[in-house]
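To start, the structure under review is shown below, and the notes come after it.
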Amino acid sequence: MHTKEQKILKFSMMLLFLALMIVYVVWYQVKGNAFKNMNQSENSWSDIQIISKSWSLMPTISSVETTNENEVAITTWTKNKTWNIVPVTISKLTTGTMNKNTSIKLLSGTSVYYGPIEVIEKLWIKYQYALADEKGIRYVYLGTPSYDFASIARALKGSLYTLATEQDIIQNKLFGNKVVFINLPEYKDKQVIMFIYLNDGIWMVQMEYSLYHKSKAYLKSLFID
């Protein structure tokens, strides 16, 4: 009788063990699928989406126009600590960098400048190449864009002054078809920033304020003479 009870006990223990194994396997499959779905959901936040031109790192100057049809933005979605969705916008074409595929026309006494240009980044515009001379003057060739500099100046709490007639340009001892000055608060009485519309292109010239008046003839000799 004692042997029969031992057999029944062993059989019961085996059934209990099998039952626990079945429960564990089912639980593992359910939790595993849930964990997999959660990972897939987390990974979906890193999908990159192409959005329209209306997206910009500087929405205050979203009205700025450009002839570059490839100017779109890429937005990636991330989450902050409170799990709110936060858009992080990155420009598809890097603004403020040199286009290395453009042929460079050196002005007399200048060399190609490869360093960063703070003004270009502030104005949120693109350029073809940049030059610099021993006076510290920078000559940045923009090409033929169609920027609304008035809107840009307003967005940056600055002002705009334009010489649009031949008479005004000559009186100011300058040159070109049109000259546009952008005055930004942080550069007041420190830097002169002007855009010279010459032939079929636009040059941005940046120099120390103290050099401006005595450098007009020098500038004209570089571009005209």
Filtered residue count, the range 105-136, keeping only those that are within 14 Å of the chain's Cα centre (by Cα) and among the charged types (D, E, K, R): 4
Filtered residues of the range 136-151 (kept if part of a strand (DSSP E or B) and of a type outside the set (A, V, I, L, M)): R138, Y139, Y141, G143
Output for the range 178-201, where each listed residue is within 14 Å of V140 (Cα to Cα) and open to solvent by 10 Å² or more (accessible area, probe 1.4 Å): V192, Y197, L198
Conditions (1) open to solvent by 10 Å² or more (accessible area, probe 1.4 Å); (2) within 25 Å of the chain's Cα centre (by Cα); number of the one not met by V205: (1)
So I120, is it open to solvent by less than 10 Å² (accessible area, probe 1.4 Å), touching a Phe, Trp or Tyr at 6+ places or on another chain (Cβ under 8 Å) and part of a loop (DSSP other than H, G, I, E, B): no
Failed condition for K126, given (1) at pLDDT 90 or above; (2) open to solvent by 60 Å² or more (accessible area, probe 1.4 Å): (2)
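Within the bounds of the range 152-175, is there any residue that is assigned to a helix (DSSP H, G or I), open to solvent by 60 Å² or more (accessible area, probe 1.4 Å) and within 18 Å of Y218 (Cα to Cα)?
In the first step, residues of the range 152-175 are kept if they are assigned to a helix (DSSP H, G or I); the result is 152-155, 166-171.
Retained after the next criterion (residues that are open to solvent by 60 Å² or more (accessible area, probe 1.4 Å)): 154, 166-167, 170-171.
Right, trim to within 18 Å of Y218 (Cα to Cα) and you get 170-171.
Checking the range 152-175: at least one residue is assigned to a helix (DSSP H, G or I), open to solvent by 60 Å² or more (accessible area, probe 1.4 Å) and within 18 Å of Y218 (Cα to Cα).
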Some residue of the range 199-212 being closer than 20 Å to T110 by Cα, aromatic (F, W, Y), free of Cβ contacts under 8 Å to residues at least 24 places away in the same chain and part of a loop (DSSP other than H, G, I, E, B): yes
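The values are calculated or read from the model by the stated rules, or taken from the named source; none is laboratory data. Bear in mind the structure is a predicted one, so any value in this text is a computation, not a measurement. Cβ: placed from backbone, ideal geometry, glycine included. Neighbour counts: every protein chain shown. Accessible surface areas use protein heavy atoms only, side chains included; no ligands, DNA or RNA. Shrake-Rupley method; radii C 1.70, N 1.55, O 1.52, S 1.80 Å.
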